[in-house]
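Bear in mind that the values in this text are calculations on the coordinates, not laboratory data. Since the structure is predicted, the reported quantities are computational estimates derived from the model, not experimental observations. All Cβ positions, glycine included, derive from the backbone under ideal geometry; neighbour counts span all protein chains shown.
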Amino acid sequence: MTSPILRLTGALCLLNSTLEDCDIAICDGRIVQAGHQMQDIDLSGYWILPGIIDLHGDGFERHIRPRPTAPFEKRSALQAADVELASQGVCTAWFAQSWSWEGGSRAPDEAVALLAARRQIADRLMTDIRIQLRFETHMPRDHAALMAVVRDYHLDYIVFNNHLPEAVELAAKKPDRFAAWASQNGHLPADLLAIVHAAKRADPEIPGFLKSLANDLRAAGVMLGSHDDADAQTRAYYRGLGATICEFPTSAEAAMAARDAGEPVLMGAPNIVRGGSQSGNIAAMELVEEGLCDALISDYYIPALAQAAWAIADARALSFAHAWEMISTRPAQIMNLTDRGRLTDGQRADLVIMNPNTRRIEATIVRGRIAFARGQAAERLLRADRPLSFAAQ
């Protein structure tokens, strides 16, 4: 039986890159045209925005390991991260989990354990949590294992990393930092150095391996990207593999090469909020101002997504509406999510209710159900004769 139509009235809604005075009607988890038997909820004074879509975040790691040597059970940690996502307006998120020779929390077994935990609690999650695997390029023996995991867990997004140059440089020039890195992953420095050298010896076979792996991944319908492209040559190499998403380019040259090829560039929202990269790479705001950034991602701090939209608007680099589309509409387009990212008929009712005066998100609705609510918006949503139901918890 079709549920009654709920109509959110009085708010400004983000449509066609502008904030417009209109109503949003919701029925059976979708945005619909207004009809008969409507229940009105007055949201005057608020903005209704498309729900945030985060294409890369590892902030969930602190729920699993609030301290490097103090891991917690993954299912509970994922549920805690789910609550954080909802409170920050995120309706869809890819958690970035490494598949790396580094071991520790980045070992392949850890990736499989996270995927298994995600599957076990799928019906308890309020938001749409997916897993992005960050695959270290120098693991040629892992082709079959990775493909088996892709098929078993229906993975849709993998990004290629190559941290070997960084590891070699740290070991040679900054042994204290290398030792700290080793300790974080449960290694003695000498043991991690041996792992690094073993991975480096695979250099000659990596191009052929990656070409074969990328072909199989694309055939399985997986979107491919690359992480930390340093220059146009690196971007061209990954483009040749079909890895067309440019994630965290470390130079304007790499970002421009992606733009010229029509490839999306993703930058970290914390970089915008903090006014620069914490690792000393290019400032994301510069790329936004030059039209070289398509979407923002949470990286290591989920609250930075909404904060970055305001920071961009305050800097007059873009209007708030355009800035918000960088964390909602554009990510949906990049990942071919045709059912979300816009406030139009037929879309999933994934939306954020924002108080523009305080700049606080006061409610997040996922698939037409309340995932988070506070303040006066919560009172209005719950006062209705037939209020929205709550998402599963």
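Per-residue ellipticity at 222 nm computed for the chain from its helices equals -11000 deg cm²/dmol, with DSSP H segments shorter than 4 residues left out and the rest contributing -39,500 (n - 2.57).
Of the options [x] 23.4; [y] 20.8; [z] 22.0, only one is Kirkwood radius over Cα pairs in Å as computed from these coordinates, and that is [z]. About the centre of its Cα atoms, region 52-334 shows a dipole size close to 520 debye [charges on the beta carbon of Lys, Arg (+1) and Asp, Glu (-1) only; nearest 20 debye].
Under the simplified labelling scheme, the ASP152-VAL168 pair shows an inter-label distance of 3.3 nm, with each label point 7 Å from Cα along Cα→Cβ.
With the simple model of a label 7 Å out from the Cα in the direction of the Cβ, SER183 to ALA378 spans 4.1 nm.
Taking a straight Cα-Cα cut-off under 23 Å and skipping sequence neighbours fewer than 8 places away in the same chain, the lysines within cross-link reach of LYS174 are LYS200. Take every pair of alpha-carbon atoms less than 8 Å apart whose residues are at least six positions apart; their mean separation over the length of region 52-334 yields a relative contact order of 17 percent. For region 29-110, the set of chymotrypsin sites (Phe, Trp or Tyr not before Pro) satisfying both a DSSP loop assignment and a count of at most 10 other C-beta atoms within 10 Å is empty. Spatial offset of region 45-92 relative to region 117-195 amounts to 19 Å, using the alpha carbon center of each.
By its C-alpha gyration tensor, with a ≥ b ≥ c as the square roots of the eigenvalues, how is region 1-79 shaped: rounded for a/c under 1.5, else prolate for a/b larger than b/c, else oblate?
Numbers: a/c = 3.51, a/b = 2.17, b/c = 1.62.
The shape class here is prolate.
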